[in-house]
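Values in this text are rule-based calculations from the coordinates and carry no lab data. Fair warning: this is a prediction, and the values are worked out from it, not measured in the lab. A quick note on method: Cβ atoms are made from the backbone with ideal geometry, for glycine too, and the neighbour counts reach across all protein chains shown.
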Amino acid sequence: MKRIPYFTILLLWFGAAPALSAEPAAFREGIQAFIDQHAGQSGHTREALERILGRARYRQDIIDAMNRPAEAKPWHEYRKIFLTRDRIKKGVDFWAANADLLQQAADEYGVPPEIIVAIIGVETRYGGYMGSHRVLDALSTLAFAYPRRADFFRDELEAFLRLVREQPIDPLKAVGSYAGAMGKPQFIPTSYLSFATDFDQDGAIDLFENNADIIGSVGHYFARHHWQPGASVAIPVHAPGDDFRRFIGEELKPAFRLGELKAAGIEVVAVAGDNDPAQLLALEQPDGEELWAILHNFYVITRYNRSNLYAMAVFQLSGEIRAARERRLANEG
């Protein structure tokens, strides 16, 4: 009988070849050090950690994905990923199917329904795609083979191990994004532990299937990050010359006041308070730049994903969804 090569056995056992890139020595060494450090802490026995982390697999495709984020694209390309007819239509459908829950979340947390719907739409197409990477592999790979953010992902791995003890989540089967985010709203483990809420009070939290918990948790997340009910998110502006560039912030948090922008001759084409925190955002278009004044609530959206492009996609998608819903309701009436 012909002997099957060992590497072929590995291919058959673990699946697709991209997951089988050479495992760096630091990966398994890091896992062992993590087990040594955390054994006996937070309810984790050494045996439990070895049983779970011993099944973790290094994934080079996850490293590759981290090194080519969509947020590196220019705005006019990034925007096309999320502002599509299909995503807008499905957002209106999601709103219609969950109108009472969205209104309840808006009443309790002050977050407009369209913002919650847009977040779920941008993250997972309303649950249509919640990721294909095993969370254990994603977090382990980034914790022990991605030095640039290893500390962050070790904390997320520790939170994931705590989460699977507290929630009915199988640590060996849970799948999510390449960064280890889970469920329809794509909460990373620390966010799941801190902000996920049992919105329907059924005694369990489920961000994979339960739309009540999903909607309530997104609203809770924004409220805890100081969303200001009724306040603007971003305002299109016009600015002469190049002096406006001093108001383009180096950080995500607005560093100026809207009145300062107005005093510098920047034309703000919507009503907002002069004392509102603000700064400019220049978005790259094929034929130049598009300028916006971004405000506190825009910054709150970046707490979900640390990217101005992400926040603008959520904001603009939310506006398109609300407009499309209003047209549908008018036609139905």
Extreme residue, farthest from F152 (Cα to Cα), among residues of segment 252-306 that are free of Cβ contacts under 8 Å to residues at least 24 places away in the same chain and not in a loop (DSSP other than H, G, I, E, B):
A263
Enumerate the pairs (first residue in segment 26-44 and closer than 13 Å to A145 by Cα; second residue anywhere and in a loop (DSSP other than H, G, I, E, B)) with beta-carbon separation below 7 Å, excluding pairs fewer than 6 apart on the same chain, so at least 6 apart or on different chains.
F27/Y58; I31/A56
All positions within segment 176-195 that are over 25 Å from D64 (Cα atoms) and in contact with a Phe, Trp or Tyr (Cβ under 6 Å, 6 or more places away or on another chain)
F195
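One line per residue, one yes/no per condition, for (1) surrounded by fewer than 21 Cβ atoms within 10 Å (Cβ to Cβ); (2) more than 30 Å from A264 (Cβ to Cβ); (3) within 16 Å of the chain's Cα centre (by Cα):
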residue	(1), (2), (3)
G127	yes, yes, yes
R162	yes, yes, no
G176	no, yes, yes
M182	no, yes, yes
H226	yes, no, no
P229	yes, no, no
Could you please give the count of residues in segment 129-175 that are aromatic (F, W, Y) and either under 13 Å from L53 (Cα atoms) or touching a strand residue (DSSP E or B) at 6+ places or on another chain (Cβ under 7 Å) (or both)?
2
Return the pair list, or none, for Cβ contacts closer than 7 Å from residues in segment 143-166 that are closer than 17 Å to A196 by Cα to residues that are loosely packed, with under 15 Cβ neighbours inside 10 Å, at least 6 apart or on different chains.
R162/S42; R165/G43
Can you find a residue in segment 105-113 that is surrounded by fewer than 21 Cβ atoms within 10 Å (Cβ to Cβ) and closer than 29 Å to K173 by Cβ?
no
Counting just the residues of segment 53-68 that are in contact (Cβ under 8 Å) with a residue 40 or more places away in the chain and surrounded by fewer than 19 Cβ atoms within 10 Å (Cβ to Cβ), which one comes out nearest to P171 (Cα to Cα)?
R55
Test A212 against the criterion of being surrounded by 19 or more Cβ atoms within 10 Å (Cβ to Cβ) and either within 22 Å of A48 (Cα to Cα) or in contact with a helix residue (DSSP H, G or I) (Cβ under 9 Å, 6 or more places away or on another chain) (or both), and give yes or no.
yes
Do we find that F199 is surrounded by 21 or more Cβ atoms within 10 Å (Cβ to Cβ) and over 21 Å from the mean Cα position of the chain (by Cα) in this structure?
no
